[in-house]
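Here's the structure we're looking at; comments come further down.
The values are calculated or read from the model by the stated rules, or taken from the named source; none is laboratory data. In this text the structure is predicted, and so the values were computed from the model without any measurement. Cβ atoms come from the backbone with ideal geometry, glycine included; neighbour counts cover every protein chain shown. Accessible surface areas use protein heavy atoms only, side chains included; no ligands, DNA or RNA. Shrake-Rupley method; radii C 1.70, N 1.55, O 1.52, S 1.80 Å.
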Amino acid sequence: MSLVVLAGIIIFYRYVVHVNQTTVALSFLLAILAVSAVWGMAVSAFMSVLAMLSFNYFCLPPVGTFTIADPQNWVALLAFLVTAITGSQLSSRIHKEADEAHRRRREVERLYGFSRQLLGEGNVIQLMNAIPDYIVQSFEAGASELFLPQKDKFYRSGYGAAHLDEQKMKAAFLNDEVTLDAEHNQYFIPVRLGVRPIASLGISGARLSRQSGSREHISRHRHRTGAGC
């Protein structure tokens, strides 16, 4: 795709509109920034090198060769390459940060919806059975499971919930730490009342940040109801 973009710019300025070297260089830079935002740093870096060679061949005298007659043009060519790669890095970073901000905003919205569902439950027993369902619905997870050590009982919901590792569920409670099984896309999360773990959650098929995994919505709701499990 980068070859097509560069070829289009060269053909346009060579046969349709005749412009100076600066306009060509700026057009190349804009194209590189656009490609960086869409396809990332690797493609834009490759395109930057191609653009530098094209700029040398088609714009710098002697035109039609890769030889540079004026030593000052070496500085111009190097400046163009550095600017293109630096701009690509910045554009790629901004694009990634925008994607991350959107993902976090979506995650906060899901947490808010999950909290509202929890607060709508008045009966603790019903809440324990409903929590896995709420997680599957709110986070679009494949499966969810809640472990209550006081009863040594598991509450499950979603396709494949039975395949969540119960030992890892128990370990998340005992060790009081979030565990990620990247191979199976599973999270094992302790549920706290204050600073004390009271249960653990297993979630599969959903992408969660570590911050979300540390939330205490369930334990806070339990504290408000004043009831035990």
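Per-atom-type breakdown for the range 1-55 gives carbon and sulfur 76% of the accessible area (1.4 Å probe, protein chains only). Approximating the spin labels as points 7 Å out from Cα along Cα→Cβ, the Glu109-to-Thr83 distance works out to 3.9 nm. Ranked by the mean number of other Cβ atoms within 10 Å per residue, highest first, peptides 146-154, 183-191 order as 183-191, 146-154. Between Phe46 and Ala101, residue separation times 0.36 nm minus the direct Cα-Cα distance comes to 17.0 nm.
Rounded to the nearest 0.05, the FRET efficiency derived from the C-beta distance between Thr65 and Gln21 at R0 = 22 Å is 0.90. Val195 to Arg93: FRET efficiency via 1/(1 + (r/R0)^6), r the Cβ-Cβ distance, R0 45 Å, to the nearest 0.05? The computed FRET efficiency comes out at 0.80.
Here each label is just a point 7 Å from Cα along the line to Cβ, and for Glu140 and Asp181 those points are 2.3 nm apart. For the range 57-98, carbon and sulfur atoms together expose 69% of the accessible surface, with a 1.4 angstrom probe and every protein chain in place.
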